[in-house]
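Reading through the structure tokens given below for one structure.
The values are calculated or read from the model by the stated rules, or taken from the named source; none is laboratory data. Predicted model, so just to flag it, every value in this text is computed and none were measured. Every residue, glycine among them, receives a Cβ derived from its backbone with ideal geometry; neighbour counts consider all protein chains shown.
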Amino acid sequence: MITKLFSSTVILGILASGIRLATPYLYAAIGETFGQRSGVLNLGVEGQMLLGAFAAFYVSWRTGNLWLGLLAAIIVGAVMGLAMAFVTVNLHAEQGISGIGFYLFGLGMSDLLFQKLVGTVKTIQGFPALHIPVLSDIPVLGEVFFSHNILVYGAYALVPIAWFVLNKTTLGLKIRSIGENPQAADSLGISVAAVRYYTIIQGGILSGIAGASLSIGLLNVFQQNMTSGLGFIAVALVYFGAWRPLGVLGGALLFSMVNAFQLWLQVLGVPIPSDLAVMLPYVLTILVLVAAASKVRAPSALAKPFEREA
């Protein structure tokens, strides 16, 4: 049994699955990175993902159009982000508590809508794999890296785009300055509220897409609480990656590979309790947070409401 676990077939399977499973982590964590770099902590990512996942699945199931489903997830994510921005920016609510509130809302609303509009678990035909010409034909590497659906490719393309925006553009400079010293940014004429609205709504959109990547990209089904804590892991990945897109990518791959590993443990029937195997990604989350706490520095204004001085 252990010999099979380290066979080339299983190792390649873990790599291919890990790359695919990193998709929702990347969308959600990159979106959260933008928000946190502007000083806003959003613990409602999980709720946004759940509603995005349901919206994408339901619209795709009803219309037969996956792109309309993806658009529905984007709209739902944007609305949730807008609501979060209003509560944190305008009402100056405590960000951790309000985020948990949005998570619970997303959890309950997605469950209610599923029961009322769908009722039972149904499956759909999700986004098909896109085999990149020439590259997908490369032995071994082609199957691992170049035979995924468009949402997977989009997640990885998002990483260099996010890096460029944050580090090489005026917008990125504004985001980073507000996250470090919003008072100084405000004195220079930068609208703290406008930039935070932008990053929070963008984070909501990417969380909605993260949910869609689960329901119409990876699993092709919607189930109650199907994210199972993935949104909170995405928040942890921002800390793991030290608020850098490339660091987030490394963390997402690490977590997804561990998740793929535990799935293969169950497939091969390795004699360990399945509940223990499922715990592996979450145990890793705790260890990563403990290790990262003493080595990285969060944006100075993170989770601190900003009130403009008269």
Matching residues, region 60-114, being of a type in the set (S, T, N, Q) and in contact (Cβ under 8 Å) with a residue 40 or more places away in the chain:
60, 88, 90, 95, 98, 110
What is the one condition in (1) surrounded by fewer than 18 Cβ atoms within 10 Å (Cβ to Cβ); (2) touching a helix residue (DSSP H, G or I) at 6+ places or on another chain (Cβ under 7 Å); (3) under 30 Å from residue 9 (Cα atoms); (4) not β-branched (Val, Ile, Thr) that residue 127 does not satisfy?
(1)
Within region 257-310, tally of residues that are within 19 Å of the chain's Cα centre (by Cα) and loosely packed, with under 12 Cβ neighbours inside 10 Å
2
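Checking the condition under 30 Å from residue 10 (Cα atoms) and assigned to a helix (DSSP H, G or I), which residue from 290, 283, 270 passes? Can you show your working first?
On the way: 290 fails: under 30 Å from residue 10 (Cα atoms); 270 fails: assigned to a helix (DSSP H, G or I).
When all the criteria are applied, what remains is 283.
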Please go through region 155-183 and give me each residue that is out of contact with any helix residue (DSSP H, G or I) (no Cβ under 7 Å at 6 or more places or on another chain), without any contact (Cβ under 8 Å) to a residue 60 or more places away in the chain and in a helix (DSSP H, G or I), ordered by number.
157, 161, 164, 167, 168, 170, 173
Give the number of residues within region 199-229 that are assigned to a helix (DSSP H, G or I) and polar (S, T, N, Q).
5
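Every residue in region 230-264 that is aromatic (Phe, Trp, Tyr) and in a helix (DSSP H, G or I), please. Let's see the steps before the verdict.
Of region 230-264, the ones aromatic (Phe, Trp, Tyr) are 232, 239-240, 243, 255, 261, 264.
Across region 230-264, the qualifying residues are 232, 239, 240, 255, 261, 264.
Checking the conditions here, which among 258, 195, 221 is touching a residue at least 24 places away in the same chain (Cβ under 8 Å), touching a strand residue (DSSP E or B) at 6+ places or on another chain (Cβ under 7 Å) and β-branched (Val, Ile, Thr)?
Values: 258 fails: touching a strand residue (DSSP E or B) at 6+ places or on another chain (Cβ under 7 Å); 195 fails: touching a strand residue (DSSP E or B) at 6+ places or on another chain (Cβ under 7 Å).
Sole residue among the options that is touching a residue at least 24 places away in the same chain (Cβ under 8 Å), touching a strand residue (DSSP E or B) at 6+ places or on another chain (Cβ under 7 Å) and β-branched (Val, Ile, Thr): 221.
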Got a sec? Which helices (runs of 4 or more DSSP H) wholly within region 1-68 have at least 3 residues that are aromatic (Phe, Trp, Tyr) and over 25 Å from residue 173 (Cα atoms)?
45-63
Quick check, is residue 3 β-branched (Val, Ile, Thr) and modelled with pLDDT under 95?
yes
